[in-house]
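My structure is below; once you've seen it, I'll send some questions.
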Amino acid sequence: MNAPRAPRRAAPVDVDDQRPVIDVLMAPATHGGAHVERIDTHSAIVFLAGGRALKLKRAVHFDYVDFSTPALRKAACEAEIRINRRTAPGIYRGVVPVTREPNGSLALDGRGQPVEWLVDMARFDQEGLFDRLAARGSLGLDLMALLGRAIAALHTEAEVRSDHGGRAGMAWVIDGNAMGFEQQGKGALDHARAAALTTAARAALATAAPLLEQRRRAGFVRQCHGDLHLRNIVLIDGRPTLFDAIEFNDEIACVDVAYDLAFLLMDLWRRDLPAHANAVLNAWLLATHDVESLGLLPLFLSCRAAVRAKTSATAAGLQRDAARRGELRALARRYLTLAHQMLTPAPPLVVAIGGFSGSGKSTLARALAPRLGRPPGAALLRSDEVRKSLCGVDALQPLGPEAYTPAMTLRVYRRLMECATTAARSGHAVIVDAVFAQPSDRAAVESVAAQCDVPFVGLWLEAPTGVLAERTERRGPDASDADRSIVEQQVERGAGGVRWRAVDASRTPDEVCDRAYAAVRRATAP
C-alpha cells in the first residue's frame with residue numbers, strides 16, 4: 001500500500017522579480033500592436049492579444065506548487081502542453097521563451113538567451129466557458145452527454161498511476177482540508193462544523209478504504225485532469241473541450257477517475273443544475289461501465305466541496321476589499337454545508353420503468369433520475385444502450401435483427417440486473433429502463449431489490465397504440481431501433497398480468513414525471 005503523506009505547510013521563499021517580463025508582455029508592440037488583456041490568478045498571469053494567449057507562471061512557491069525558478073517554470077510549461085494536448089490539442093500550441101537580447105532588452109521569442117518561459121495557446125471566446133454559460137442560463141442539457149463521454153475518453157486513455165490515490169490519497173485530501181479549516185478558516189468557517197465534517201469524512205474513508213485500494217491496484221487511479229470544474233471547460237465548434245489540467249502536482253492530478261469526475265458533478269450540483277450533473281454522470285457510466293464507483297461518490301463529492309470551502313476561506317483572508325471578503329466567506333460556508341450534505345445518507349432504491357416502445361420510458365427515466373437518491377441522482381440503466389454496448393457499436397448506430405434474438409435479449413437483461421445489483425449494493429438509487437414485457441424479466445428486477453434489501457417500485461407506462469407508433473416515427477436520433485411495426489408486434493403479444501403501478505403515458509412529459517415521482521414517494525414512504 002502506498003504510504004500516507006502528510007500535507008506540507010507553505011514555506012516562504014525568495015522568488016524572481018518578473019515585473020520586466022510582465023511589462024514586455026503587456027506592451028502592444030510585443031504583439032504587433034494588438035490590444036493586450038491581462039488575467040491574473042494565484043499562480044499565473046495570462047496575456048490575451050489578438051488570437052493568442054500567453055501564460056506566464058508566477059515565480060511562487062506554495063505548499064502544493066513550486067514555480068520559484070526559471071527551470072521549474074520551463075518544466076511546468078512543457079508539462080502543461082503535454083498534459084492538455086490530450087483533450088485540447090487545438091488550444092495548446094507549445095512553449096515560447098522570453099529572451100534577453102544582445103542590447104539588454106527583453107523580447108518575445110527573440111534570438112537572445114531565454115530568461116523566462118510561456119505557454120503559447122490559441123485564444124478562444126471567453127463567453128464559451130461553461131461557467132459563464134451556466135451563469136446566464138445557457139448551458140444546454142444536451143451538451144452533458146457529450147461532456148460525459150469526453151471525460152470518459154480522457155480517463156480511458158490516461159496513464160495509470162497506481163503509485164498514487166487509494167486510501168492514502170484520500171487521507172491526504174481530508175488532512176489537507178482539516179489543516180486549511182484550522183489555519184485559514186478562522187473568521188469564515190464555524191470551527192465545530194468544520195471539525196464535524198473532518199470526523200465524518202475520516203469515518204467515510206475508513207469504510208471506503210478497501211474499495212479505494214482495490215481500485216488503485218486495478219488501475220483506476222490515473223493521470224486525470226485534476227481541476228475539472230465548469231471554468232475549465234469551453235465550447236469550441238459545438239463540443240465541450242477540457243483545458244487547464246493540473247500539471248504541477250501529481251498528488252492533485254493522479255487520482256481515482258471517479259474523484260476527478262466528482263469535482264464537475266459537485267460544481268453542477270451546487271449551481272442548482274441537478275439534471276445536468278445527473279446527465280454527465282450517466283453518460284460517463286455508460287462509456288466506462290464503472291458502476292462500482294457509485295459507492296465512493298458521497299465521499300468524493302464531499303471532499304471536493306470541502307476543498308472549495310477551504311480555498312474560498314483562504315481567498316477571503318487575502319482579500320482587502322471588505323465586501324468581497326464577506327462574499328468569499330459566505331461562499332466558504334455554503335461549500336461547507338454542501339460537503340456535509342453530500343455525506344448525508346439517502347436510502348437506495350430500485351425503480352423499474354416498463355412499457356412498450358414509444359411510451360416515453362427513457363424520457364421519464366431522465367427526468368426522474370435527478371430527483372431520486374443521493375446527489376447527483378439515480379444511475380440510469382437503459383436496455384437499448386446496453387444492447388448497443390454489448391454489440392460494440394455506438395448508441396445511435398442501428399442494429400439488425402441478429403441483435404434482437406431471444407439469446408441476445410437474455411444477455412441484455414442479465415447485464416441490466418448485474419449493474420442494478422452493483423448500484424443498489426453501493427447504496428445508490430438506480431432506474432432500470434426496459435420494455436419488461438416478459439413476466440420473468442419483471443420478476444428478475446424485483447429480485448434484485450429483494451436481494452439487496454432495498455425498496456422496489458415498478459412503473460408501467462400505458463398509452464394508446466396510435467400514440468406509441470406516432471412517437472416512434474417522429475423520434476429523432478436515439479438508441480432505440482423500434483418503429484411502428486415493432487410497437488404493433490409488442491402490443492399484439494401483450495405483457496401478461498402486469499402488477500406494477502400504471503402511469504398514463506399519453507400526458508405531457510412533465511405530468512408523467514410528476515405522477516411517477518408521486519408514485520415512488522408513496523411506495524417508499526415510511
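The values are calculated or read from the model by the stated rules, or taken from the named source; none is laboratory data. Please read these numbers as outputs of a predicted model, since none were measured by experiment. Virtual Cβ from ideal backbone geometry, glycine too; neighbours counted across all protein chains shown.
Taking the condition of being surrounded by 12 or more Cβ atoms within 10 Å (Cβ to Cβ), small (Gly, Ala, Ser) and modelled with pLDDT of 95 or more, how many residues in the stretch 1-44 meet it?
Selection size over the stretch 1-44: 2.
Would you say Ala150 is of a type in the set (Gly, Ala, Ser) and buried (at least 18 other Cβ atoms within 10 Å of the Cβ)? Let's see the steps before the verdict.
On the way: of a type in the set (Gly, Ala, Ser): yes; buried (at least 18 other Cβ atoms within 10 Å of the Cβ): yes.
For Ala150, the condition - of a type in the set (Gly, Ala, Ser) and buried (at least 18 other Cβ atoms within 10 Å of the Cβ) - is met.
A further question on this structure: Kindly establish whether Arg86 is part of a loop (DSSP other than H, G, I, E, B), modelled with pLDDT of 95 or more and closer than 17 Å to Asp250 by Cβ. Full working, then the answer.
Numbers: part of a loop (DSSP other than H, G, I, E, B): yes; modelled with pLDDT of 95 or more: yes; closer than 17 Å to Asp250 by Cβ: yes.
So Arg86 fits the description; yes.
What pairs come up if the first residue lies in the stretch 85-99 and is closer than 19 Å to Leu242 by Cα and touching a residue at least 60 places away in the same chain (Cβ under 8 Å), the second is aliphatic (A, V, I, L, M) and in a loop (DSSP other than H, G, I, E, B), and their beta carbons are under 8 Å apart, counting only those six or more places apart or on different chains?
Arg86/Ala158; Arg86/Ala245; Thr87/Ala245
So if I check each of Ala178, Ala171, which one is crowded, with 18+ Cβ neighbours inside 10 Å, over 21 Å from Arg333 (Cα atoms) and aliphatic (A, V, I, L, M)? Outline the logic, then answer.
Details: Ala178 fails: over 21 Å from Arg333 (Cα atoms).
Of the residues listed, the single one that is crowded, with 18+ Cβ neighbours inside 10 Å, over 21 Å from Arg333 (Cα atoms) and aliphatic (A, V, I, L, M) is Ala171.
I want to confirm something. Restricting to the stretch 212-257 and keeping residues that are over 16 Å from the mean Cα position of the chain (by Cα) and closer than 15 Å to Cys303 by Cβ, which single residue is modelled with the lowest pLDDT?
The residue in question is Glu251.
For the condition assigned to a helix (DSSP H, G or I), at pLDDT below 95 and of a type outside the set (A, V, I, L, M, F, W, C), what is the one hit in Gly169, Gly176? Lay out the reasoning, then the answer.
On the way: Gly169 fails: at pLDDT below 95.
That would be Gly176, the only listed residue that is assigned to a helix (DSSP H, G or I), at pLDDT below 95 and of a type outside the set (A, V, I, L, M, F, W, C).
Within the stretch 121-147, restricting attention to residues that are assigned to a helix (DSSP H, G or I) and among the aliphatic types (A, V, I, L, M), which residue is surrounded by the fewest Cβ atoms within 10 Å (Cβ to Cβ)?
Ala135
Still on this structure, please answer the following. Pick out the one residue from Ala194, Ala152, Ala134 that is in contact with a Phe, Trp or Tyr (Cβ under 6 Å, 6 or more places away or on another chain) and more than 20 Å from Ala258 (Cα to Cα).
Exactly one of Ala194, Ala152, Ala134 is in contact with a Phe, Trp or Tyr (Cβ under 6 Å, 6 or more places away or on another chain) and more than 20 Å from Ala258 (Cα to Cα), namely Ala194.
Could you check, for the stretch 388-395, whether at least one of its residues is in the same structural domain as Ile486 (by TED's automatic domain parsing), crowded, with 20+ Cβ neighbours inside 10 Å, among the small types (Gly, Ala, Ser) and in contact (Cβ under 8 Å) with a residue 60 or more places away in the chain?
Within the stretch 388-395, the subset in the same structural domain as Ile486 (by TED's automatic domain parsing) is 388-395.
Add one more test, that the residue is crowded, with 20+ Cβ neighbours inside 10 Å, and what stays is 388, 395.
Now restrict to residues that are among the small types (Gly, Ala, Ser): 395.
Then keep just the ones that are in contact (Cβ under 8 Å) with a residue 60 or more places away in the chain; that gives 395.
Yes, because at least one residue in the stretch 388-395 is in the same structural domain as Ile486 (by TED's automatic domain parsing), crowded, with 20+ Cβ neighbours inside 10 Å, among the small types (Gly, Ala, Ser) and in contact (Cβ under 8 Å) with a residue 60 or more places away in the chain.
Out of Pro398, Pro375, I need the residue that is of a type outside the set (Ser, Thr, Tyr), in a loop (DSSP other than H, G, I, E, B) and more than 17 Å from Ala482 (Cα to Cα). Which one?
Numbers: Pro398 fails: more than 17 Å from Ala482 (Cα to Cα).
Checking each option against the conditions leaves just Pro375.
Sort through Arg271, Arg202 and tell me the only one that's modelled with pLDDT of 95 or more, charged (D, E, K, R) and closer than 25 Å to Leu372 by Cα. Steps first, please.
Working: Arg202 fails: closer than 25 Å to Leu372 by Cα.
From the options Arg271, Arg202, the qualifying one is Arg271.
Also, quick follow-up: Quick check on Ala188: is it assigned by TED's automatic domain parsing to the domain that holds Ser293, surrounded by 22 or more Cβ atoms within 10 Å (Cβ to Cβ) and modelled with pLDDT under 95?
Working: assigned by TED's automatic domain parsing to the domain that holds Ser293: yes; surrounded by 22 or more Cβ atoms within 10 Å (Cβ to Cβ): yes; modelled with pLDDT under 95: yes.
Against the criterion (assigned by TED's automatic domain parsing to the domain that holds Ser293, surrounded by 22 or more Cβ atoms within 10 Å (Cβ to Cβ) and modelled with pLDDT under 95), Ala188 qualifies.
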